[in-house]
Amino acid sequence: MTAVMSPPVTPVPPPVRRVGRRGGIAPPWLFAAPALLVYALVMLYPSIVGAGSAFTDWSGVGEQRSFVGLANFKQLLHDDQALGALRNTLFLTVAIVVVQNGLGLLLALGVHTTIKSRMVLRVIFFAPVVVSPVMVSFLWKYVYNPAPDAGLNAALNAVGLGSLRQDWLGNPSLAIWSVAFTVIWQCAGYSMVIFLAGLEGVPQELHESAMVDGAGTVARFRHITWPLLAPAVTINVMLSTVGGLTLFTQIIAMTNGGPGYATDTLSTVLYKQAFVFGKFGYSTAVALVLAIFVAAVSFIQIGYLRSRETAA
């Protein structure tokens, strides 16, 4: 009699118990809820409530205020100081974006080599970034000392260029350039680091293949390096643009907006209107216009730069 072998039975895994929201597992967004609540209470709520002051004549002291509608914004359109500050803000922004990023890219290309001192040079170029902007501003304020035997003027005398001595921060035509140079000197190392990170991600094989095909240094940079640096360009341009549009610390520390209103920016105007002249309503209107302007420029920039990344 032949025994009949039964087929092996495959064990069936127990059904997976799916726990819904009622089963004790919280949705992911609840983990961020405490931080979002604190952010809303500390940042969003005061900002929204404060924005309402732009439509009043509040002096910043007491609760007495009157609704003035769009009067503060109309005053802004006819305020020569504010319009001059807007021109200064745009000038500083363009100068910082172009020169700082151009210099940062050159520095990144220079230290992205096999020279033995490349690590030391990276540290030296990045060192100003970690220094407080206030300290850097006072350092360069001494460098720009108008005395003939101090700072930059003394250096010019020492090399026989005494005829080029200037009152660097007291001359309305030079003051804004002096401030721009200070900002660029401090922040170029930051742009360098971001570009350097982008250069590290460029495959060396592409350069080697291009060299085999006879491509020179300029051709390889134009057709290989530059397109692959698009994400780094986006980050640097965005950061430097926002930094230029909201520039405040260096202006206050070096010139306080002077001489006259030659170096005033929108940030310094809203500060002075609030804390010097006691016009908190008008100051809030300036701040609201500045915030909307920065947001609009940022959205336009990021849309264009992101499309460039996709095309690259």
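The values are calculated or read from the model by the stated rules, or taken from the named source; none is laboratory data. Computed from a predicted structure; not experimentally measured. Backbone-built Cβ (ideal geometry, glycine too); neighbour counts: all protein chains shown. Calculation scope for accessible area: heavy atoms of the full protein, side chains included, ligands and nucleic acids excluded. Shrake-Rupley method; radii C 1.70, N 1.55, O 1.52, S 1.80 Å.
Heavy-atom accessible surface of the chain, averaged per residue, reaches 62 Å², computed with a 1.4 Å probe. Close lysine pairs were tallied over the chain: pairs 8 or more places apart or on different chains with Cα atoms under 30 Å apart number 4. Note on Phe67 and Val297: with the Förster distance fixed at 41 Å, the Cβ-Cβ geometry gives a FRET efficiency of about 0.85. Taking label positions 7 Å along the Cα-Cβ direction at both Val159 and Leu83, the computed distance is 4.1 nm, reported to one decimal.
Once you order the gyration tensor axes a ≥ b ≥ c over the Cα atoms, which shape class does the range 20-125 get: rounded for a/c under 1.5, otherwise prolate or oblate by comparing a/b with b/c? It is oblate, given that a/c is not under 1.5 and a/b is not larger than b/c. Of the DSSP H helices in the chain, those that are both long (alpha-carbon extent of 18 Å or more along the helix axis) and hydrophobic (Kyte-Doolittle mean at least -0.5) are 80-95, 172-200, 230-245, 280-311. The GNM of the chain, with springs linking C-alpha atoms under 10 angstrom apart, assigns the highest mean-square fluctuation among Ala232, Ala71, Ala33 to Ala33. Between Arg306 and Ala32, the contour length at 0.36 nm per residue exceeds the alpha carbon distance by 95.9 nm.
Quick one: compute the contact order of the range 83-311, relative version, from alpha carbon pairs under 8 angstrom and 6+ residues apart, as a percent. After rounding, I find 29 percent. Judged by the ratio a/c of the largest to the smallest principal axis of the C-alpha gyration tensor, the chain counts as oblate, that ratio being 1.5 or greater while a/b is no larger than b/c.
Here the extension length gained between Asn256 and Gln75 equals 62.9 nm, from 0.36 nm per residue of separation less the Cα-Cα distance.
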